[in-house]
Amino acid sequence: MNILLRILIGGFVGWLTGKAVEIEGRLKVEKEGHVGDVLCGIVGALAGDLLFFWIVIGSGDGLSSFATAALGAVTVVGAVRLIAARWHAAQS
């Protein structure tokens, strides 16, 4: 899959995941949360492609590439949100 398309998919899925878990891991005064979600989604999409390549030993078709980008983005955004929520709870 084209790297630009992977970045767009990762950004969109990261933003969508951030909207789905709006409260977890974000301070109420923080306004940059969606930008962080998009960046985490892009990192997750790129990491998903790299991990899939090494697990399968080669590249898959278009659908599997899209799925790995989406799953990687959701995983990274979810993990960052979970860590941030635990961190803020520990600080309080």
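Where a number appears in this text, it was derived from the coordinates with a stated rule and is not lab data. As the structure is a computational prediction, the values presented were derived from the model and not from experiment. Virtual Cβ from ideal backbone geometry, glycine too; neighbours counted across all protein chains shown.
The table for this structure:
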{"read-out": "Charge tally in the Cβ shell below 12 Å around residue 42, where Lys, Arg are +1 and Asp, Glu are -1, residue 42 excluded", "value": "-1"}
{"read-out": "Under the Karplus curve 6.51 cos²θ - 1.76 cosθ + 1.60, θ = phi - 60°, whole-Hz ³J(HN,Hα) for region 79-92, x wherever Gly or Pro sits", "value": "5, 5, 5, 5, 5, 5, 5, 5, 5, 5, 5, 6, 6, 7"}
{"read-out": "Efficiency of FRET from Cβ geometry, residue 89 and residue 19, R₀ 22 Å, rounded to 0.05", "value": "0.50"}
